[in-house]
Amino acid sequence: ERSEVVSSAILLHSSTLVSAMYASMPLFVSLLAIVQAADSTQPTDPSAGVMLPQALEADDACSTGQPCGVSLLQARSLPQHSAGGGEVHRRPSAPARPLDDEVFLFLLQSVPGPWGDVLDAGTGPNSLDFIAGCPVSTITAVTGNESFVQMTLESSGKYLDPKLDRVIAGNWKDPEFLRGQQYDVVLADWLLGSVEFFAPHFQVGLMRRLHQLVKPGGVLLFTGREPDDLKANATVGARLLLDIDTVRDSAATLSLRRPYREIPQWWVEEELGMLGFEILHRQKLPLTLDAEDVFGQLGWARDEISHVHDDKLRAAFEERTRELHAAALRTQSVWEKQSSGSTYALVARRP
């Protein structure tokens, strides 16, 4: 999926090779191949002429055994084709968006080299946009129902190659779903919490399914959020988000709907170990609050409240949500940039 050359690389021929002499030998060889291929290959996206020079400059010092900078990794995802009618590379309608999510940056840098065939086991616009900017061969993206398939394609379809990639609906509790399929990289982005909506109490079973889907020697990428600490009220932001989450989840329960369920990192690591995975990299980051997150959670709470059948209960919940919204506006200058809980990311390899 990553672009190897753009025509502007020719202009950088001399300066790039000179600077590469002071970098690692593998980088020098790669840059030489880029320049030699430039005569016969043309980019299909005009932004390539801007991205690759910046990427090469940023990655001059990339050394053996270390992940190259994100700019070069993302530049390789630009669509291209061979002018001589040779091998056809990935050709999405548009290049992937620049990557600015810290967790996704960690995952990209933790898995150097080509990713091969990739499965997004619980897809959405964020995870699919991320994968589209990785060095993949094909993408299979799974969501819980057909309506989400269309929503995902409308949001992220332009970053996919319709001949190589697919977005499909399926239930992980169905033993026939993707039976016999295996992938070089499998991404489970906040999947264990959201699967509660579609396959309640299936977290252990899902871990086993994910294990089967990773090729021997392949990689499983996990992200998630630590469960709410019900006593974590030391800051204005932590108290506010906890109040919103409890309103949302109690309304869901009263509506006979499944509340969102976070799974802690220690549990995931323990299950991965039991399945034989080797954890290569791990990261934990504070969950920094911003307006999009807080008011988005309020919107989610309102949606759950709308399903409460009892009129008096629903009215009480609506009033409480209005109070929380007013409190969020009133204290926004205080809680913005505060943290509430943490997120984690794991990179695990199947032997």
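The values are calculated or read from the model by the stated rules, or taken from the named source; none is laboratory data. A quick note: this is a predicted structure, and the numbers were derived from the prediction, not measured. Note that each Cβ is placed from the backbone with ideal geometry, even for glycine, and that neighbours are counted across all protein chains shown. The area values use the complete protein model at the heavy-atom level, side chains included, leaving out ligands, DNA and RNA. Shrake-Rupley method; radii C 1.70, N 1.55, O 1.52, S 1.80 Å.
When the residues of segment 218-233 are filtered to those that are assigned to a loop (DSSP other than H, G, I, E, B) and under 25 Å from the mean Cα position of the chain (by Cα), which remaining residue is modelled with the highest pLDDT?
Applying the first criterion (assigned to a loop (DSSP other than H, G, I, E, B)) to segment 218-233 yields 226-233.
Still in the list and also under 25 Å from the mean Cα position of the chain (by Cα): 226-229.
Numbers: 226: 92, 227: 89, 228: 82, 229: 80.
Out of the qualifying residues, it is 226.
In the set 316, 327, 348, which member is modelled with pLDDT of 95 or more and part of a strand (DSSP E or B)?
Working: 316 fails: part of a strand (DSSP E or B); 327 fails: part of a strand (DSSP E or B).
After applying the criteria, what remains is 348.
In segment 331-351, which residues are closer than 25 Å to residue 182 by Cα and of a type in the set (D, E, K, R)?
349, 350
In segment 307-340, which residue that is surrounded by 12 or more Cβ atoms within 10 Å (Cβ to Cβ), among the small types (Gly, Ala, Ser) and free of Cβ contacts under 8 Å to residues at least 40 places away in the same chain is farthest from residue 236 (Cα to Cα)?
315
Just the residues that are crowded, with 22+ Cβ neighbours inside 10 Å, at pLDDT 95 or above and hydrophobic (A, V, I, L, M, F, W, C), please, taken from segment 170-206.
Matches in segment 170-206: 185, 186, 187, 188.
Hey, among the residues in segment 104-117 that are small (Gly, Ala, Ser) and outside any strand (DSSP E or B), which one's surrounded by the fewest Cβ atoms within 10 Å (Cβ to Cβ)?
Going through segment 104-117, the residues small (Gly, Ala, Ser) turn out to be 110, 113, 116.
After this cut, where a residue has to be outside any strand (DSSP E or B) as well, the list is 110, 113.
On the way: 110: 17, 113: 8.
For segment 104-117, the residue satisfying everything is 113.
Mind listing just one residue for me: the one in segment 274-284 that is over 10 Å from residue 222 (Cβ atoms) and charged (D, E, K, R) and, of those, least open to solvent (accessible area, probe 1.4 Å)?
The initial filter retains those residues of segment 274-284 that are over 10 Å from residue 222 (Cβ atoms), namely 274-276, 278, 280-281, 283-284.
Filter once more, keeping what is charged (D, E, K, R): 278, 284.
Numbers: 278: 92, 284: 110 Å².
Looking at residues that are over 10 Å from residue 222 (Cβ atoms) and charged (D, E, K, R), I get 278.
Can you tell me which residues in segment 292-310 are β-branched (Val, Ile, Thr) and within 19 Å of residue 258 (Cβ to Cβ)?
As a first pass, look at segment 292-310 and keep what is β-branched (Val, Ile, Thr): 294, 305, 308.
Across segment 292-310, the qualifying residues are 305, 308.
So is residue 293 open to solvent by 30 Å² or more (accessible area, probe 1.4 Å) and within 30 Å of residue 111 (Cβ to Cβ) or not? Before the answer, list the steps.
Values: open to solvent by 30 Å² or more (accessible area, probe 1.4 Å): yes; within 30 Å of residue 111 (Cβ to Cβ): yes.
It is true that residue 293 is open to solvent by 30 Å² or more (accessible area, probe 1.4 Å) and within 30 Å of residue 111 (Cβ to Cβ).
Of 160, 164, which residue is surrounded by 21 or more Cβ atoms within 10 Å (Cβ to Cβ), farther than 16 Å from residue 122 by Cβ, in contact (Cβ under 8 Å) with a residue 24 or more places away in the chain and of a type in the set (A, V, I, L, M)? Talk me through it step by step, then tell me what you get.
Details: 164 fails: surrounded by 21 or more Cβ atoms within 10 Å (Cβ to Cβ).
Only one candidate passes the filter, namely 160.
How about segment 226-259: which of its residues are open to solvent by 40 Å² or more (accessible area, probe 1.4 Å) and of a type in the set (Ser, Thr, Tyr)?
The answer is 235, 246, 250, 253.
Looking at segment 292-313, which of the residues that are part of a helix (DSSP H, G or I) and aliphatic (A, V, I, L, M) is nearest to residue 330 (Cα to Cα)?
Narrowing segment 292-313 to residues part of a helix (DSSP H, G or I): 292-305, 311-313.
Imposing the further condition that a residue be aliphatic (A, V, I, L, M) reduces the set to 294, 298, 301, 305, 313.
Working: 294: 13, 298: 15, 301: 19, 305: 23, 313: 26 Å.
If we take residues in segment 292-313 being part of a helix (DSSP H, G or I) and aliphatic (A, V, I, L, M), then 294 is nearest to residue 330 (Cα to Cα).
For segment 77-103: of the residues being loosely packed, with under 12 Cβ neighbours inside 10 Å and either modelled with pLDDT of 90 or more or acidic (Asp, Glu) (or both), which is nearest to residue 290 (Cα to Cα)? Explain how you work it out, then say what you get.
Here is the first cut: in segment 77-103, the residues loosely packed, with under 12 Cβ neighbours inside 10 Å are 83-87, 98, 100.
Subsequent filtering for residues that are either modelled with pLDDT of 90 or more or acidic (Asp, Glu) (or both) retains 87, 100.
Numbers: 87: 45, 100: 15 Å.
Only one residue fits best here, namely 100.
Give segment 118-142 a look and list any residue that's open to solvent by 10 Å² or more (accessible area, probe 1.4 Å) and over 17 Å from residue 219 (Cβ atoms), or say none.
The answer is 123, 124, 125, 126, 129.
Name the residue that is modelled with the lowest pLDDT, counting only residues in segment 118-144 that are within 17 Å of residue 170 (Cβ to Cβ) and assigned to a loop (DSSP other than H, G, I, E, B).
Out of the qualifying residues, it is 144.
Here's the yes/no breakdown for (1) in contact (Cβ under 8 Å) with a residue 24 or more places away in the chain; (2) under 28 Å from residue 116 (Cβ atoms):
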| position | (1), (2) |
| --- | --- |
| 213 | yes, yes |
| 227 | yes, no |
| 235 | yes, no |
| 244 | yes, no |
| 256 | no, no |
| 273 | no, yes |
| 281 | yes, yes |
| 287 | yes, no |
| 294 | yes, no |
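Quick test of your reading of the structure: residue 271 fulfils all but one of (1) closer than 30 Å to residue 204 by Cα; (2) assigned to a helix (DSSP H, G or I); (3) open to solvent by 40 Å² or more (accessible area, probe 1.4 Å). Name the failing condition by number.
Of the numbered conditions (1) closer than 30 Å to residue 204 by Cα; (2) assigned to a helix (DSSP H, G or I); (3) open to solvent by 40 Å² or more (accessible area, probe 1.4 Å), the odd one out for residue 271 is (3).
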